[in-house]
Amino acid sequence: MLTKYDDIESPVVISMRSGSNTRWDYAKFILHCLQEGHLTVGDVLVVDNASVHNSLDSFEMLIQLLKVAGVKLVFLPAYSPELNPTEHCFGFVKQYLRNHRGIQDKFWVEIVRGFAQISQFHVSSFYKHCLKV
């Protein structure tokens, strides 16, 4: 997932797939974000210390791609989910699921509905909360 503080139309970009997230899934997602203009010159990509974000196999390639694209990579301190707006998005979706879980739709459909509820206002407030901490 990628959150964008200043994009009213697409404040959240997600990649849906089954299974766990690998370093190559992450690399493909970042490449997609670069190709689609979700990450552009002057942007700052803030990531946590999950192993997929700095795996030896893909890390150097990503560093070069981001450098060429003019995107700065910043790592959050270890064990600091309160500083990560993406964690707040996940929390929002979890709360949505608790309050709106239907019995007729598949769970992934409900998850997508939860993400669709996140507006630019929400993302902005998540960033502001992280700045206060």
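Of all residues in the range 99-112, those that are in contact (Cβ under 8 Å) with a residue 12 or more places away in the chain have Cβ atoms under 8 Å from Cβ atoms of residues that are surrounded by 11 or more Cβ atoms within 10 Å (Cβ to Cβ) and among the hydrophobic types (A, V, I, L, M, F, W, C), 6 or more apart or on another chain, in Glu110/Leu97; Ile111/Val93; Ile111/Leu97. Residues in the range 100-132 that are in a loop (DSSP other than H, G, I, E, B), open to solvent by 90 Å² or more (accessible area, probe 1.4 Å) and of a type in the set (A, V, I, L, M, F, W, C): Ile103 only. Listed conditions (1) within 20 Å of Lys128 (Cα to Cα); (2) open to solvent by 40 Å² or more (accessible area, probe 1.4 Å); (3) over 13 Å from the mean Cα position of the chain (by Cα) are all met by Leu76, apart from (2). Taking Arg23 as the residue in question, decide whether it is over 24 Å from Ile118 (Cα atoms), open to solvent by 60 Å² or more (accessible area, probe 1.4 Å) and under 15 Å from the mean Cα position of the chain (by Cα). Answer is yes for this residue.
Condition check for Leu45 on (1) assigned to a helix (DSSP H, G or I); (2) surrounded by 12 or more Cβ atoms within 10 Å (Cβ to Cβ): one failure, at (1).
The values are calculated or read from the model by the stated rules, or taken from the named source; none is laboratory data. None of the values given here were measured: they were computed from a predicted structure. So basically every Cβ, Gly included, is an ideal-geometry build from the backbone, and we count neighbours across all protein chains shown. Only protein heavy atoms, including side chains, enter the accessible area calculation; ligands, DNA and RNA are left aside. Shrake-Rupley method; radii C 1.70, N 1.55, O 1.52, S 1.80 Å.
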